[in-house]
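First up is the structure itself, then whatever we jot down about it.
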Amino acid sequence: MHGEGTPPRDSASASSQGDTMATRASVRRRQLGMTQEELARRAGMSVAYLRQLERSSDDFDTAALMRLAAALEMPYEELMAGRRDAAPGQQPAAAHPVLMRLSERECWERLGTHGIGRLGLSSDTGPVVLPVNFLVDAHTIVYRTDPEGAAAVSAGDQLAFETDRLDEQSRNGWSVLVTGTADRITDPDVVRTLADRPGAQPWAGGRRDLWIRITPSEVTGRTIGTV
């Protein structure tokens, strides 16, 4: 970027330094496509002050930081502390991560009895990924949906299901991917039994009377640990 006194860092390199006020300001500025000169002018501060701010998270004048947040089009609290509803994975990776395969037995162990995962399926407009509440039922994946909704696949459709867990403190986690064939559950007794199970009530609310079972053709998983 023109006119900057220090070599620019891209978003990835800034993020690798940790999620601090300084990196949040620097990354956000680049997201908006602003030079340091443009941002300093909008925030009513000198370029030298802004450069120092983007290098460290030392104590700075509160009024100046509030002007900076406004210039960056973000709440002051988000600039100072980050987003409370941010996606997982904000912390940097461990120093020596190790990626390992999970056996099918280990995959089912991690899936447990129920939870929230994501469906991957095809639509008229292209691939779609949708969150769903799921149950594990005799080594199949079961979910309920609106009969008119996007997740209301037809019997015989091929689809994928994925769920995962990430522990940001220990820098480890796992993911499980199930690919298979969909079937519609129509037996009233089976539906009643599933509806009474823990986790069957959808977080999204509403009437979701159609039950879909995914019979797996392949179950794979990965886990990330450290040495």
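The values are calculated or read from the model by the stated rules, or taken from the named source; none is laboratory data. Model, not experiment: these values are computed from the prediction. Methodologically, a virtual Cβ is constructed for each residue, glycine included, from the backbone with ideal geometry; neighbour enumeration extends over all protein chains shown. Heavy atoms of the whole protein, side chains included, go into the accessibility calculation; ligands, DNA and RNA do not. Shrake-Rupley method; radii C 1.70, N 1.55, O 1.52, S 1.80 Å.
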Query raised in the report: Among the residues of the stretch 38-51, is any within 16 Å of THR20 (Cα to Cα), of a type outside the set (Asp, Glu) and either under 32 Å from the mean Cα position of the chain (by Cα) or open to solvent by 50 Å² or more (accessible area, probe 1.4 Å) (or both)?
Result: yes
Query raised in the report: Restricting to the stretch 124-139, what's the tally of residues that are surrounded by fewer than 15 Cβ atoms within 10 Å (Cβ to Cβ) and in a loop (DSSP other than H, G, I, E, B)?
Result: 4
Report summary line: Of (1) open to solvent by 20 Å² or more (accessible area, probe 1.4 Å); (2) of a type in the set (S, T, N, Q); (3) within 15 Å of the chain's Cα centre (by Cα), THR163 satisfies every one except (1)
Report summary line: Exactly one of ALA81, ALA63, ALA70 is exposed (fewer than 13 other Cβ atoms within 10 Å of the Cβ), more than 30 Å from ASN172 (Cβ to Cβ) and at pLDDT 85 or above, and that one is ALA63
Query raised in the report: From the residues in the stretch 180-199 that are of a type in the set (A, V, I, L, M) and assigned to a helix (DSSP H, G or I), which one is surrounded by the most Cβ atoms within 10 Å (Cβ to Cβ)?
Result: LEU194
Query - ALA151 at negative phi, open to solvent by less than 50 Å² (accessible area, probe 1.4 Å) and touching a helix residue (DSSP H, G or I) at 6+ places or on another chain (Cβ under 8 Å) - result: no
Requested in this report: Give just the number: which of (1) small (Gly, Ala, Ser); (2) part of a loop (DSSP other than H, G, I, E, B); (3) free of Cβ contacts under 8 Å to residues at least 24 places away in the same chain; (4) farther than 30 Å from GLN201 by Cβ does ALA63 not satisfy?
Outcome: (2)
Query raised in the report: Of ALA93, ALA86, which residue is open to solvent by 80 Å² or more (accessible area, probe 1.4 Å), assigned to a loop (DSSP other than H, G, I, E, B) and farther than 21 Å from GLY180 by Cα?
Result: ALA93
Query raised in the report: Out of curiosity, is ARG118 within 24 Å of PRO216 (Cα to Cα), in a strand (DSSP E or B), in contact with a helix residue (DSSP H, G or I) (Cβ under 9 Å, 6 or more places away or on another chain) and open to solvent by 30 Å² or more (accessible area, probe 1.4 Å)?
Result: no
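Output the residues belonging to the stretch 45-89 that are of a type in the set (Asp, Glu) and on the phi > 0 side of the Ramachandran plot.
GLU73, the sole residue that qualifies.
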Query raised in the report: Does MET34 qualify as being assigned to a loop (DSSP other than H, G, I, E, B) and crowded, with 18+ Cβ neighbours inside 10 Å?
Result: no
Report summary line: Among (1) in contact with a Ser or Thr (Cβ under 9 Å, 6 or more places away or on another chain); (2) modelled with pLDDT under 90; (3) aliphatic (A, V, I, L, M), ALA40 falls short only on (2)
Query raised in the report: What do you reckon, is ALA204 more than 21 Å from the chain's Cα centre (by Cα) and either under 16 Å from GLY117 (Cα atoms) or in a loop (DSSP other than H, G, I, E, B) (or both)?
Result: no
